[in-house]
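A quick write-up on the structure given underneath.
The values are calculated or read from the model by the stated rules, or taken from the named source; none is laboratory data. The structure displayed is predicted, hence computed values, not measured ones. Neighbour counts are summed over all protein chains in view; Cβ atoms, including those assigned to glycine, are modelled from backbone coordinates with ideal geometry.
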């Protein structure tokens, strides 16, 4: 009896370890990390309407940073968002809305009117793509620089040093992905895939399946 | 022989079930954050002078943003946190609750100290200038703005009503939504204190 018991224990331990290894290696569920809280803000958008972090609760928001006089890097960012905007139907979002918020770091020149003209010129759908800023430059620096960890600096000659990139925030206001550089696949492909991963988690992570999703977070089963 | 096989299978199944049960991840009642860096350190003013977040390294810190004139959400949340700490017993010595007032016009450090003591004697109330609060609140994901109230209440402050939990090293680990119960808070804190 005792031999049977101990054999059973060994088998159980082996099966558990194999199961955990299989979960880690094959990653049947993939997630995006919950990196940190997105900063709270109160901006004015291109229609002169308030746009706050609370407005974006309950939806996935892709943030980008620009100024309307910005040369090539911002243009490339806009092209990526335009591609995502046109291909968003490819992603199974389970009814969760997606928005894009492009934050201007140049509030002196980028008034709501200027942002509206800029948005129209690049083909933005203002229903889902907002352009916003605040004249409170200190708070803007806090939100963009410290909160979204996007470096920018006013060069004083009408130009800014800016590290372009994207930040993806979930409906709880948690930063789930940052895109600081162009990867082997295009940012648009990657961001669209990540939106699908977020939507899957939001939809499926209930009841006992929530345990599996938490295990995926625990074992760092992150979507590439 | 058949009995041995049956027993072996039974032991394996029972063991697997027990293993899965005991090794299952703790189900948190809030959103778990896997922050790779410590949270923003800040210094605000309490009744005994400057209070910095880093003063509490080594303790688990709960931060709640609110104000003393808050009619319902703040007292409900703070009451739940106070009850959770009482449920923790002596383990509550390893937990520090900070209430950050978003209403420095009306909430003096003295008034804040009296207010938070109603919920638990260990709570610390702090506030600062509008500029300081703007920065701290933003970096902790707390949106707030003044809104009109009644003659009786004066102005109100709409604010994000989440409760934030930082570990002993100052890393944000958990965000409780509004409505979390004292049992749920105590359950998660007990688990985190064991880590």
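Considering only segment B:96-139, how many residues are more than 14 Å from every other protein chain (Cβ to nearest Cβ), touching a strand residue (DSSP E or B) at 6+ places or on another chain (Cβ under 7 Å) and part of a helix (DSSP H, G or I)? The total comes to 5. Across segment B:30-44, what is the total count of residues that are more than 11 Å from chain A (Cβ to nearest Cβ) and surrounded by fewer than 19 Cβ atoms within 10 Å (Cβ to Cβ)? Of the residues in segment B:30-44, 2 are more than 11 Å from chain A (Cβ to nearest Cβ) and surrounded by fewer than 19 Cβ atoms within 10 Å (Cβ to Cβ). Among the numbered conditions (1) surrounded by fewer than 22 Cβ atoms within 10 Å (Cβ to Cβ); (2) part of a strand (DSSP E or B), the only one that residue B:93 does not meet is (2). So which residues in segment A:52-70 are within 11 Å of chain B (Cβ to nearest Cβ) and outside any loop (DSSP other than H, G, I, E, B)? Result: A:52, single match.
Among all residues of segment A:180-188, there is at least one that is touching a helix residue (DSSP H, G or I) at 6+ places or on another chain (Cβ under 6 Å) and touching a residue at least 12 places away in the same chain (Cβ under 8 Å).
Evaluate the following for residue A:114: is it modelled with pLDDT of 95 or more and in a helix (DSSP H, G or I)? The answer is yes for residue A:114.
Out of all the residues in segment B:135-150, is one or more at pLDDT 95 or above, buried (at least 17 other Cβ atoms within 10 Å of the Cβ) and at positive phi? Scanning segment B:135-150 turns up at least one residue that is at pLDDT 95 or above, buried (at least 17 other Cβ atoms within 10 Å of the Cβ) and at positive phi. Of note, residue A:95 does not satisfy the criterion of being without any contact (Cβ under 8 Å) to a residue 12 or more places away in the chain and either within 24 Å of residue B:141 (Cα to Cα) or in a helix (DSSP H, G or I) (or both). So which residues in segment A:190-203 are out of contact with any helix residue (DSSP H, G or I) (no Cβ under 9 Å at 6 or more places or on another chain) and within 27 Å of residue A:71 (Cβ to Cβ)? Listed by number, the list holds a single entry, A:190.
How many residues, within segment A:44-63, are under 17 Å from residue A:115 (Cα atoms) and surrounded by 22 or more Cβ atoms within 10 Å (Cβ to Cβ)? Result for segment A:44-63: 3.
Identification of strands (runs of 3 or more DSSP E) wholly contained in segment A:123-220 with 2 or more residues that are within 14 Å of another protein chain (Cβ to nearest Cβ) and within 29 Å of residue B:137 (Cα to Cα) yields A:166-169, A:174-179.
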